[in-house]
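Before we start, here is the structure in question, set down as structure tokens.
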Amino acid sequence: MVKAIKIEQFGGPEVLEFKEIEIPKLNPNEVLVNNKSVGLNFIDVYHRTGLYPIPTPSGIGLEACGVIEEIGSEVTMFKVGDRVSHASMPIGAYAEKQVMPQEKLVLVPDGISDEVASAITLKGMTCEYLLHRAYEVKKTDTILFHAAAGGVGQIFCQWAKAIGCTIIGTVGSDEKIAIAKKNGAHHVINYSTEDFSKKVLEITNGKGVDAVYDGVGVKTFEGSLACIKLRGTFLSFGNASGAVASIDPKKHLAPKAIFFTRPSVLPYTATREELEHSAKMVFDAVLTDKIKIDIFKQYALSEARKAHEDLAKRILTGPTVLIP
């Protein structure tokens, strides 16, 4: 028996239950990971609330770093004692131990702590495909990133700065402006008090940006369209403010021939080769100081409910982990 967070139904932080569960028997291609640190991510909130529905009852959490404790009879990629991380289904990282398919894990190199690995794998691979594959950012580009002071935004802006492009970031409060600038944003707009699309067009002398990265959703959708340049790219990768109800290609995309994509980690790590490539890019960026990760706060696994409450209040201003 191990301790884990479970949900019986969708709802607020109160549905997170800390309880004992039985570890299932390993299938031949599975391993048992003793989790040392678990990443806290906004997608966990989507799963908890049912915005991204999952079968219940269920565990929760997609990201963790730990040590392999046991391997199935057909496991060839790893051995007992290897330190690994993951950022994908099966859901259930909020646990002392977790059974994982071997093909979903990546080795964590020396020089990266358990806490940093559990805070960088999912968010880092998100930034990797956004910057290098869904749209390949060039140093001559000017790009707009919404929620630049958030967990993904802080990593994204650091990595984009290393590429050399011009970064315009938006934030939801004046207090977050300094955070976004510290992490590499050249221009920062508080979209709660300013018309960000108008400001972006002023910054770009009316041209607009090469690409918009929008994890906010309905609140920023129309403004984002307004400040994309002719034949620019719109990358919609989240919906923290709510999902966009519908997209009309003729109305929204055709006037400027905008390229629109809805990317996520799973399609961009669909093969073993893609997963290993993405993880290597992330870990190399950390080891070469393109990305610097300072853990903002740690909670005990038993405090997951409190962590979700603080996440909802927007008081977590940096990478946060749960420690089993």
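Which of (1) surrounded by 24 or more Cβ atoms within 10 Å (Cβ to Cβ); (2) within 30 Å of Arg231 (Cα to Cα); (3) not hydrophobic (A, V, I, L, M, F, W, C) does Ser118 not meet, given it meets every other one?
Every condition holds for Ser118 apart from (2).
Matching residues to (1) within 17 Å of Asp294 (Cβ to Cβ); (2) crowded, with 22+ Cβ neighbours inside 10 Å; (3) at pLDDT below 95:
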{"residue": "Lys123", "(1), (2), (3)": "yes, yes, yes"}
{"residue": "Glu128", "(1), (2), (3)": "no, yes, no"}
{"residue": "Glu136", "(1), (2), (3)": "no, no, no"}
{"residue": "Thr140", "(1), (2), (3)": "no, no, no"}
{"residue": "Gly151", "(1), (2), (3)": "yes, yes, yes"}
{"residue": "Ile163", "(1), (2), (3)": "no, no, no"}
{"residue": "Ile177", "(1), (2), (3)": "no, no, no"}
{"residue": "Ala180", "(1), (2), (3)": "yes, yes, no"}
{"residue": "Ser192", "(1), (2), (3)": "no, no, yes"}
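Confirm whether Thr170 is over 21 Å from Ile293 (Cβ atoms) and assigned to a strand (DSSP E or B).
Values: over 21 Å from Ile293 (Cβ atoms): yes; assigned to a strand (DSSP E or B): yes.
Yes; evaluated as a whole, the condition is true for this residue.
Got a sec? Which of Ala119, Ala134 is part of a helix (DSSP H, G or I), in contact with a strand residue (DSSP E or B) (Cβ under 9 Å, 6 or more places away or on another chain) and at negative phi? Outline the logic, then answer.
Values: Ala134 fails: part of a helix (DSSP H, G or I).
Residue meeting the stated conditions: Ala119.
Related question: Test of understanding: among Glu136, Glu175, which residue is of a type in the set (Asp, Glu) and either touching a helix residue (DSSP H, G or I) at 6+ places or on another chain (Cβ under 7 Å) or farther than 30 Å from Gly12 by Cα (or both)?
Glu136
Can you find even one residue in the stretch 151-163 that is part of a helix (DSSP H, G or I) and out of contact with any helix residue (DSSP H, G or I) (no Cβ under 8 Å at 6 or more places or on another chain)? Break it down into steps so the answer makes sense when it comes.
Here is the first cut: in the stretch 151-163, the ones part of a helix (DSSP H, G or I) are 151-163.
Still in the list and also out of contact with any helix residue (DSSP H, G or I) (no Cβ under 8 Å at 6 or more places or on another chain): 158, 161.
Yes, that holds for at least one residue.
Testing Ile315 on (1) out of contact with any Leu (no Cβ under 7 Å at 6 or more places or on another chain); (2) more than 17 Å from Thr121 (Cα to Cα); (3) in a helix (DSSP H, G or I), one condition comes back false. Which one is that?
Unmet condition: (3).
Here's something else I'd like to know. Can you list the strands (runs of 3 or more DSSP E) found entirely within the stretch 9-99 that contain at least 2 residues being under 17 Å from the mean Cα position of the chain (by Cα)?
On the way: elements: 17-21, 30-39, 63-71, 83-87.
It comes to 30-39, 63-71, 83-87.
Which of the numbered conditions does Lys199 fail, given that it passes all the others? Conditions: (1) at pLDDT below 95; (2) surrounded by fewer than 23 Cβ atoms within 10 Å (Cβ to Cβ).
Against the list (1) at pLDDT below 95; (2) surrounded by fewer than 23 Cβ atoms within 10 Å (Cβ to Cβ), Lys199 comes up short only on (1).
Moving to a separate point now. Looking at this structure, is Ala95 crowded, with 22+ Cβ neighbours inside 10 Å, of a type in the set (A, V, I, L, M), over 17 Å from Val265 (Cα atoms) and assigned by TED's automatic domain parsing to the domain that holds Ser278? Break it down into steps so the answer makes sense when it comes.
On the way: crowded, with 22+ Cβ neighbours inside 10 Å: yes; of a type in the set (A, V, I, L, M): yes; over 17 Å from Val265 (Cα atoms): yes; assigned by TED's automatic domain parsing to the domain that holds Ser278: yes.
Judged against the criteria, Ala95 is a match.
Separate question: Mind checking which residues of the stretch 311-324 are surrounded by 17 or more Cβ atoms within 10 Å (Cβ to Cβ) and either more than 15 Å from the chain's Cα centre (by Cα) or under 18 Å from Gly66 (Cα atoms) (or both)? Let's see the steps before the verdict.
Taking the stretch 311-324 first, the residues surrounded by 17 or more Cβ atoms within 10 Å (Cβ to Cβ) are 311, 316, 319-322, 324.
Result: Pro319, Thr320, Val321, Leu322, Pro324.
Does the stretch 285-298 contain any residue that is of a type outside the set (A, V, I, L, M, F, W, C), in contact (Cβ under 8 Å) with a residue 60 or more places away in the chain and within 16 Å of Asn41 (Cα to Cα)?
Looking only at the stretch 285-298, we keep the residues that are of a type outside the set (A, V, I, L, M, F, W, C), and these are 288-290, 292, 294, 297-298.
Now narrow it down to the ones that are in contact (Cβ under 8 Å) with a residue 60 or more places away in the chain: 290, 292, 298.
Checking the rest, the ones that are also within 16 Å of Asn41 (Cα to Cα) come to 298.
There is at least one residue in the stretch 285-298 that is of a type outside the set (A, V, I, L, M, F, W, C), in contact (Cβ under 8 Å) with a residue 60 or more places away in the chain and within 16 Å of Asn41 (Cα to Cα).
Residue-wise test of (1) of a type in the set (A, V, I, L, M, F, W, C); (2) over 15 Å from Ile143 (Cα atoms); (3) loosely packed, with under 14 Cβ neighbours inside 10 Å; (4) touching a residue at least 12 places away in the same chain (Cβ under 8 Å).
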{"site": "Thr204", "(1), (2), (3), (4)": "no, no, no, yes"}
{"site": "Val209", "(1), (2), (3), (4)": "yes, no, no, yes"}
{"site": "Val212", "(1), (2), (3), (4)": "yes, no, no, yes"}
{"site": "Gly215", "(1), (2), (3), (4)": "no, no, no, yes"}
{"site": "Ser224", "(1), (2), (3), (4)": "no, no, no, yes"}
{"site": "Lys229", "(1), (2), (3), (4)": "no, no, no, yes"}
{"site": "Ser236", "(1), (2), (3), (4)": "no, no, no, yes"}
{"site": "Val244", "(1), (2), (3), (4)": "yes, yes, no, yes"}
{"site": "His252", "(1), (2), (3), (4)": "no, yes, no, yes"}
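List pairs: first residue in the stretch 302-324 and on the phi < 0 side of the Ramachandran plot, second residue of a type in the set (Phe, Trp, Tyr) and part of a helix (DSSP H, G or I) anywhere in the structure, Cβ distance under 9 angstrom, at least six positions apart or on different chains.
Leu311/Phe42
Sticking with this structure for a sec: Would you confirm whether any residue within the stretch 71-79 is crowded, with 19+ Cβ neighbours inside 10 Å, assigned by TED's automatic domain parsing to the domain that holds Glu8 and touching a residue at least 40 places away in the same chain (Cβ under 8 Å)? If you could, list the steps in order and put the result at the bottom.
Pass one, the stretch 71-79, residues crowded, with 19+ Cβ neighbours inside 10 Å: 71, 75.
Going one step further and asking which of them are assigned by TED's automatic domain parsing to the domain that holds Glu8, we end up with 71, 75.
From the residues that got through so far, the ones that are touching a residue at least 40 places away in the same chain (Cβ under 8 Å) too are 71, 75.
Looking for residues that are crowded, with 19+ Cβ neighbours inside 10 Å, assigned by TED's automatic domain parsing to the domain that holds Glu8 and touching a residue at least 40 places away in the same chain (Cβ under 8 Å), one finds at least one in the stretch 71-79, hence yes.
The values are calculated or read from the model by the stated rules, or taken from the named source; none is laboratory data. Computed from a predicted structure; not experimentally measured. When we count neighbours, we look across all protein chains shown, and the Cβ atoms used for this are built from the backbone with ideal geometry, even at glycine.
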